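Quick one: the structure is below, and I'll ask about it shortly.
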Amino acid sequence: MERIVGTVTIGQSPRTDVVPEISAILGDVVLKESGALDGLSREEIADLAPKGDDYVLVTRLADGASVQVAERHITPRVVERIKEHFGAGVSLVLLLCTGEFAELEESGLLIRPQRLLFHTVSAVAEGRRLGILIPSPEQVPQAERRWSALGGAVRAVPASPYAGADEAVGRAAMELKRWGAELLILDCIGYTESMKALARRIAGVPAISGRGIAAHAVRELIG
């Protein structure tokens, strides 16, 4: 029997920078991709950009470019893509984003990487010094606010996984090492397993990523 998992990116599909690595972890599983920005022009995407105090999300377009969108603007489109998967008979959907998203369609099994990441870190490193890697400087305040809920010192450092990634991740990991981080959290689905390994090696402490924990949760669920 064919095993199918739906994926929803807040950007455009296909996510050639994410899905192949997840597929390698899952093995013989069909991933049906969809994207919240599929079919939109650059002008239409620009209308979804964050302003003021908007919660900032960073994602990737089909041509490889990265863009920022406001969570409040992208959420309805994410909900529609999730509904389409469940409506087509897909029983398990993986959200390809570590955004928080207060309200999402959950008429089937929905894997939300941010919740997996947050509760896993809470279980193993509550009260510890947490070093957070996020894609853009605009995300620093919201990341530090979220992770400080675990009671320890928190420092977020921007490092884009989409442009000059290895250099950016390496620089961020070194900064967090000097700061005294006890655990690194790669808080974006765009960070690859090799980026996580690089950050871990440079900082000399354990590291966890939204992509890795989400992929392994899918594997645990489907066997």
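Please verify whether segment 100-111 includes one or more residues that are in contact with a helix residue (DSSP H, G or I) (Cβ under 6 Å, 6 or more places away or on another chain), more than 26 Å from Thr7 (Cα to Cα) and hydrophobic (A, V, I, L, M, F, W, C).
No, every residue in segment 100-111 fails to be in contact with a helix residue (DSSP H, G or I) (Cβ under 6 Å, 6 or more places away or on another chain), more than 26 Å from Thr7 (Cα to Cα) and hydrophobic (A, V, I, L, M, F, W, C).
Still on this structure, please answer the following. Hey, Val90 hits all of (1) of a type in the set (A, V, I, L, M, F, W, C); (2) touching a Lys or Arg at 6+ places or on another chain (Cβ under 6 Å); (3) farther than 20 Å from Ala203 by Cα but one; which does it fall short on?
Condition (2) is where Val90 drops out.
Please work out if Pro113 is under 23 Å from Leu183 (Cβ atoms), in contact (Cβ under 8 Å) with a residue 12 or more places away in the chain and in contact with a Ser or Thr (Cβ under 7 Å, 6 or more places away or on another chain). Show your work before the answer.
Details: under 23 Å from Leu183 (Cβ atoms): yes; in contact (Cβ under 8 Å) with a residue 12 or more places away in the chain: yes; in contact with a Ser or Thr (Cβ under 7 Å, 6 or more places away or on another chain): yes.
So Pro113 fits the description; yes.
Another one. Would you call Arg115 within 14 Å of the chain's Cα centre (by Cα) and surrounded by fewer than 24 Cβ atoms within 10 Å (Cβ to Cβ)? Full working, then the answer.
Values: within 14 Å of the chain's Cα centre (by Cα): yes; surrounded by fewer than 24 Cβ atoms within 10 Å (Cβ to Cβ): yes.
Taking the combined requirement at face value, the residue satisfies it.
All of the numbers you see were taken from the coordinates with simple rules; none came from a lab. From a predicted model like this one, the values you see are computed outputs, not experimental measurements. For neighbour counting, all protein chains shown are included, and Cβ atoms are generated from backbone atoms with ideal geometry for every residue, glycine included.
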